[in-house]
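Q: Sharing a structure below in structure tokens format, with a few things to ask.
The values are calculated or read from the model by the stated rules, or taken from the named source; none is laboratory data. Every value quoted in this text rests on a predicted model; they were computed, and no experiment measured them. Backbone-built Cβ (ideal geometry, glycine too); neighbour counts: all protein chains shown. With ligands, DNA and RNA removed, areas are computed over all heavy atoms of the protein, side chains included. Shrake-Rupley method; radii C 1.70, N 1.55, O 1.52, S 1.80 Å.
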Amino acid sequence: MSEQLLKWAYEELADAGVGSPEADAEVLLAHALGVGRGELRRLVVLGREVPDDVAGAFSGLVARRAAREPLQHLTGVAPFRHLELAVGPGVFVPRPETEEVAQAAIDEAARVTGERDGSGAVVVDLCTGTGAIALAVATEVPGARVHAVELDKDAHAWAERNVDAMSAAAAGLDPAITPETPPERIVRLVKGDARTALYGIDGTADVVVSNPPYVPPDAVPVDPEVAQHDPAVALYGLGPDGLEVPRGITAAAARLLRPGGLYVMEHAEVQAEAAREMVAAARDVEGRPAFGEPETRMDLTGRPRMVVARRLGPERSGVPVTGDEGTAWVPDRERLVRVSVPVHPVLDATDPQTWGPAIDEAVNAISRGGLVVLPTDTVYGIAADAFDEAAVAALLAAKGRGRQMPPPVLVGEVATLDGLATDVPDDARRLVEAFWPGGFTIILRAQPSLRWDLGDTGGTVALRMPDHPAALALLKRTGPLAVSSANKSGSPAASDVDDAARQLGDAVAVYLDGGTAPGGVASTIVDATGPTLRIVREGAVTLEALREVADVEGRQTSPEDDPSEPSTGAAEDDE
């Protein structure tokens, strides 16, 4: 029976144009039976019957595979070297050819580790996706200190799942059981923009490896498994040649690597020459070539699929010393010099005629679950997708505050009020009509149907419509954003982008520079969830101005004075 099932499945998959119908049929039947392929073959030889429920499940899997759903999505796993990685929709499925890219990084990391006494190689995997390369290095090179960066929220979630599972296995724990104390991660996973992350280890990496998006915009993949199921953000490298993102990755590699460190990057077969030219064109902060002569290496099939180059500069004992944020001490001939380090992308958002690309980049970052700093009419804010729980958690972590201090939500138009709040008092509506857009935040009862998690809000939401053209342009593209002041909790709110960057660093994917905030004072907050309207914080709008529109009680005490002050969806350092 199992042999007949396999023959039927093979024919179905072959007719559908699947490239490896026999192997896929075996993998799917083994998956349905819950056994390995070796055990499946033994059962076939023995002529064992396949239970009806398993046969039904197998038939469904074959139909989905015939529709060109990726095999790895159906089984939930993808092999990579000696690893079995969890995969699914939202993450790029690692390919066999990338195993050679990982091998180049592993060989270099092993060499460096072997030459050092008690100090493992520092390896950085940019655009880690599932975490495949980073985990291969971490598990094959004992002592290696591996960092992995991923910005896309779905891919980062898959990477986190794989890192946690492999870390548990390395600690001798059952990955299926959540331990009381999580084991130490074998890979440091960072959610951020690969082009700007990890500035704290600038000049110290021994290896930077990357399989970035590099497909040109006009080179749509032929296979449906790729074109319809791999996320576009993991495929297309932007720019006419598909190398815009790789150029940013190459610049990051130059920043991260120590002199003599190795850079390894995967590319398409037709991009070998362009990739070498891209690496050769990279410059350091003084305008000198960043890399030695780049070389192209082949994959297992003999195709040119990766570029490799070493960071220029003299080898020294020890590693560069990190200076203040935004600077680092790096080797230069026979001495250490202090150089500026671009720790974040700052994009000009001062002119509506030219800010289009900057707003596009910010929208893209928000859609990936990243954080954006934006100008408002009061102070600078740090923003996340209000409906992305992980992004909101990242916002709170960047500020150094907990769930008990949830961020307000900024909206791009007044009509959004009733979509996010319920039981809005008439006096609250009058205040909104009078002071929106502007420096006025109103705390209301949140719509109970909303699927979001801003923190411990007590069922409330703080809403504001800013009076800043760049902020409104972004909000009209993204919808409601969770936004707090762009500063570490307890520190003064940032009134310009440089101050925000000094405080938040590479926790932020994109900084929008709108000049000095015109207000410089945080918004006024009014709580409209009780029997009367009550001012929580007086800021840009005075109590007197509020009382000209509605009956508002003044604030009697501060939260510091009154420990019973409820969580109202806004905090003292909110924008």
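Q: Just the number, please: carbon plus sulfur as a percent of the accessible area of segment 388-429, 1.4 Å probe, no ligands or DNA/RNA counted.
A: Heavy-atom surface of segment 388-429 belonging to carbon and sulfur, 1.4 Å probe: 50 percent.
Q: Same structure, new question: Cut-off under 16 Å on the C-alpha distance; same-chain residues fewer than 8 positions from K7 excluded. Which aspartates and glutamates are left, in chain and number order?
A: Within the straight-line limit of under 16 Å, K7 reaches these aspartates and glutamates: D15, E22, D24, E26, E49.
Q: Right, something else. Rounded if a/c is under 1.5, else prolate if a/b beats b/c, else oblate: with a ≥ b ≥ c from the C-alpha gyration tensor eigenvalues square-rooted, which is the chain?
A: Verdict is oblate for the chain.
Q: How far is it, in nm, from the label point at T422 to the one at E269 when both lie 7 Å from their Cα along the line to the Cβ?
A: Between T422 and E269, the simple spin-label model gives 5.9 nm.
Q: Once amide H atoms are built 1.01 Å from N in the peptide plane, which residues 5 or more positions from A383, or in another chain, come under 5 Å H to H?
A: It is V372, V373, L374, by chain and number.
Q: Sticking with this one: Amide H of L85 versus every other amide H placed in the peptide plane: which residues, excluding those fewer than 5 positions away on the same chain, fall under 5 Å?
A: Distant-sequence amide H within range of L85: A78, F80.
Q: Still on this structure, I have one more. Against the longest principal axis of the chain, how steep is helix 98-115, in degrees 0 to 90 to the nearest 10, with axes from Cα atoms?
A: Its long axis makes an angle of about 80 degrees.
Q: Now, a different point. Considering only the chain, what is the antiparallel percent among its DSSP beta bridges, to the nearest 5?
A: 55 percent
Q: Same structure, new question: Carbon and sulfur atoms: what percent of the 1.4 Å accessible area of segment 154-212 do they account for?
A: Whole-percent figure for carbon plus sulfur exposure: 51.
Q: Which of the listed residues, F58, A23, W8, is farthest toward the dipole's positive end in segment 1-93, when Lys, Arg count +1 and Asp, Glu count -1 at the beta-carbon?
A: Among F58, A23, W8, the one farthest towards the positive end of the dipole of segment 1-93 is A23.
Q: Straight-line reach only, C-alpha to C-alpha below 13 angstrom: list the aspartates and glutamates that K191 could link to, leaving out same-chain residues fewer than 8 apart.
A: D125, E150, D152, D154, E160, D506
Q: Let me ask another. Relative contact order for the chain: what is it in percent, counting Cα pairs under 8 Å that are at least 6 residues apart?
A: 11 percent
Q: Taking amide hydrogens as modeled 1.01 Å from N in the peptide plane, which residues meet the under 5 Å criterion relative to T524, leaving out close sequence neighbours?
A: Placed amide hydrogens put F440, T441, G539, A540, V541 under 5 Å from T524.
Q: Still on this structure: Count the net charge of all other residues whose Cβ sits under 12 Å from the Cβ of D241, scoring Lys and Arg as +1 and Asp and Glu as -1.
A: It works out to a net charge of -3.
Q: Give the Debye-formula value of log10 I(q)/I(0) at each listed q (0.12, 0.13, 0.14 Å⁻¹), with one equal scatterer per alpha carbon of segment 41-164, two decimals each.
A: Summing over Cα pairs of segment 41-164 leads to -0.57, -0.64, -0.71.
Q: Something else about it: Which of the three applies to segment 425-488, rounded, prolate or oblate, going by the alpha-carbon gyration tensor with a ≥ b ≥ c and a/c under 1.5 meaning rounded?
A: Judged from the Cα gyration tensor, segment 425-488 comes out oblate (a/c at least 1.5, b/c at or above a/b).
Q: Something else: Just the number, please: carbon plus sulfur as a percent of the accessible area of segment 27-66, 1.4 Å probe, no ligands or DNA/RNA counted.
A: 54 percent
Q: Quick one: 3J(HN,Hα) in Hz for segment 354-360, Karplus 6.51/-1.76/1.60 with θ = phi - 60°, rounded, Gly and Pro as x.
A: Working through the residues one at a time gives 10, 7, x, x, 5, 5, 4 Hz.
Q: So if we plug the beta-carbon distance of I177 and E84 into 1/(1 + (r/R0)^6) with R0 = 30 Å, what FRET efficiency do we get, rounded to 0.05?
A: 0.95
Q: Another question, if that's okay. Mind pulling the angle between the C-alpha long axis of helix 52-66 and the longest principal axis of the chain? Nearest 10 degrees, somewhere in 0 to 90.
A: It works out to around 80 degrees.
Q: Report the charge-dipole magnitude of segment 1-121 in Debye, nearest 20, computed about the Cα centre from +1 at each Lys and Arg Cβ and -1 at each Asp and Glu Cβ.
A: With Lys and Arg at +1 and Asp and Glu at -1, about 120 debye.
Q: Is the shape of segment 180-308 rounded, prolate or oblate, going by the alpha carbon gyration tensor and its root eigenvalues a ≥ b ≥ c, with a/c under 1.5 for rounded and a/b larger than b/c for prolate?
A: oblate
Q: Within 9 Å, Cβ to Cβ, of R81, how many net charges do the neighbouring residues add up to if Lys/Arg are +1 and Asp/Glu are -1?
A: Summing Lys/Arg as +1 and Asp/Glu as -1 gives -2.
Q: Taking only protein heavy atoms and a 1.4 Å probe, what accessible area per residue, in Å², does the chain have with all protein chains in place?
A: Ligands and nucleic acids excluded, the result is 43 Å² per residue.
Q: Taking the 0 to 90 degree range and rounding to the nearest ten, how far is the long axis of helix 2-15 tilted relative to the main principal axis of the chain, both from C-alpha atoms?
A: 70 degrees
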